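Each remark here refers to the structure printed beneath this line.
The values are calculated or read from the model by the stated rules, or taken from the named source; none is laboratory data. Small disclaimer: the values here were computed from a predicted structure and weren't measured. We place every Cβ from the backbone using ideal geometry, glycine too, and count neighbours over all the protein chains shown.
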Amino acid sequence: MLELADVHAGYGKTTVLRGVSLAVGAGEIVTIIGSNGAGKSTILRTVSGLVPARRGQIRFKGKPLGAKASAVVRAGISQVPEGRRLFADMTVHENLLLGAYTCAKAELPARLAQVYDVFPKLRERSTQAAGSLSGGEQQMVAIGRGLIARPSLLMLDEPSMGLAPKMVMQVAEIIKSIRELGISILLVEQNARIALELADRAFVLQTGTIVKEGPAAALRDDPFIRRAYLGL
Ligand SMILES: Nc1ncnc2c1ncn2[C@@H]1O[C@H](COP(=O)(O)OP(=O)(O)O)[C@@H](O)[C@H]1O
Ligand SMILES: [Mg+2]
């Protein structure tokens, strides 16, 4: 479904991604784990068209992916950014609609209803300011804002960040239920434990290079991963 081949990218004179190759198949949950600064967010931003790829190829559903952010959304890829990036003073409803900028106006009620079916709690809170919600509920809004565009691939950037353990488990359940909707997931996490529990396959990123890849279950038992990323 999504395929990166030898992708190089960075900011100004700084090169961050040094030849990243990875793939996400239809219906899969694939995770990229790596420590802070490894380049995980940069991979997602490069796919989203927010950071230009300097070398290499990004293909989606067999076609080269457009470099413009709106074209990427139209092609069927939504990104849920790190740190949620909600507008605290706007309502839940208004925040969700921000994800629907590529949709026809007539479709918006049905799109919203579908997101509220996934997150019934948000329906109750739809007229509340997003900033007044709990951390977990805010993460639901951020995910809902990605889902409203009806992506076939949802990219999640550290959805567990800053959440209490109980909420982390709830977000994990949400991610599983999104996959049940037939949406493929590319999950970026510093929390390797939760990522490797959820994912089918995993890639390990170190300083902009993939150093390991394989079935998540195999990486959970890998001595290097256990020591470096699971603290075991
Ligand atoms: N907007 C930016 N301008 C310059 N450097 C950046 C920018 N964003 C990230 N970087 C640098 O790129 C590297 C990778 O960052 P990032 O992709 O955010 O890593 P991760 O998500 O794995 O923590 C870091 O060294 C970071 O300082
Ligand atoms: Mg990041």
>> Residues that are out of contact with any Leu (no Cβ under 8 Å at 6 or more places or on another chain) and without any contact (Cβ under 8 Å) to a residue 12 or more places away in the chain: does the stretch 138-151 have at least one?
In response: no
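Regarding Ile77, is this residue crowded, with 22+ Cβ neighbours inside 10 Å, in contact (Cβ under 8 Å) with a residue 40 or more places away in the chain and within 16 Å of ligand 1 (Cβ to nearest atom)? Step through it out loud before you land on a result.
Numbers: crowded, with 22+ Cβ neighbours inside 10 Å: yes; in contact (Cβ under 8 Å) with a residue 40 or more places away in the chain: yes; within 16 Å of ligand 1 (Cβ to nearest atom): no.
No; evaluated as a whole, the condition is false for this residue.
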> Restricting attention to the stretch 41-53, does a residue exist that is aliphatic (A, V, I, L, M), within 15 Å of ligand 2 (Cβ to nearest atom) and part of a strand (DSSP E or B)?
Replying inline: no
> Are there any pairs, at least 6 apart or on different chains, whose C-beta atoms fall under 7 Å, with the first in the stretch 181-199 and within 16 Å of ligand 2 (Cβ to nearest atom) and the second in a helix (DSSP H, G or I) and polar (S, T, N, Q), and if so, which?
Replying inline: Val188/Ser41
>> Exactly one condition in (1) among the aliphatic types (A, V, I, L, M); (2) part of a loop (DSSP other than H, G, I, E, B); (3) at pLDDT 95 or above is false for Leu86; which is it?
In response: (3)
> With Gly27, Gly10, Gly37 as the choices, which residue is within 16 Å of ligand 2 (Cβ to nearest atom), not in a strand (DSSP E or B) and not basic (Lys, Arg)?
Replying inline: Gly37
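Each row is one residue, and each column tells you yes or no for (1) of a type in the set (S, T, N, Q); (2) away from ligand 1 (no atom under 16 Å from the Cβ); (3) at pLDDT 95 or above; (4) touching a helix residue (DSSP H, G or I) at 6+ places or on another chain (Cβ under 6 Å).
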{"site": "Glu180", "(1), (2), (3), (4)": "no, yes, no, no"}
{"site": "Ala199", "(1), (2), (3), (4)": "no, yes, yes, yes"}
{"site": "Gly208", "(1), (2), (3), (4)": "no, no, yes, no"}
{"site": "Pro215", "(1), (2), (3), (4)": "no, yes, yes, no"}
{"site": "Ile225", "(1), (2), (3), (4)": "no, yes, no, yes"}
{"site": "Gly231", "(1), (2), (3), (4)": "no, yes, no, no"}
> Taking the stretch 48-64 as the region of interest, how many residues are away from ligand 1 (no atom under 12 Å from the Cβ) and in contact (Cβ under 8 Å) with a residue 24 or more places away in the chain?
Replying inline: 11
> All but one of (1) modelled with pLDDT under 95; (2) among the acidic types (Asp, Glu); (3) within 16 Å of ligand 2 (Cβ to nearest atom) hold for Asp117; which doesn't?
Replying inline: (3)
> Quick one: which strands (runs of 3 or more DSSP E) sit completely within the stretch 134-232 and have at least 3 residues that are of a type in the set (D, E, K, R)?
Replying inline: none
>> Six or more apart or on different chains, Cβ atoms under 8 Å: show the pairs whose first residue is in the stretch 24-35 and of a type in the set (D, E, K, R) and whose second is surrounded by fewer than 24 Cβ atoms within 10 Å (Cβ to Cβ).
In response: Glu28/Met1; Glu28/Ser184; Glu28/Ile185; Glu28/Asp200; Glu28/Arg201
> If you scan the stretch 28-74, which residues turn out to be surrounded by fewer than 18 Cβ atoms within 10 Å (Cβ to Cβ), of a type in the set (Gly, Ala, Ser) and in contact with a Gly (Cβ under 9 Å, 6 or more places away or on another chain)?
Replying inline: Gly56, Gly66, Ala67, Ala69, Ser70, Ala71
> Got at least one residue in the stretch 219-226 being surrounded by fewer than 18 Cβ atoms within 10 Å (Cβ to Cβ) and either among the hydroxyl-bearing types (Ser, Thr, Tyr) or within 23 Å of Pro81 (Cβ to Cβ) (or both)?
Replying inline: no
> When the stretch 151-172 is examined, which residues are found to be closer than 25 Å to Ala38 by Cα and not hydrophobic (A, V, I, L, M, F, W, C)?
Replying inline: Asp157, Glu158, Pro159, Ser160, Gly162, Pro165
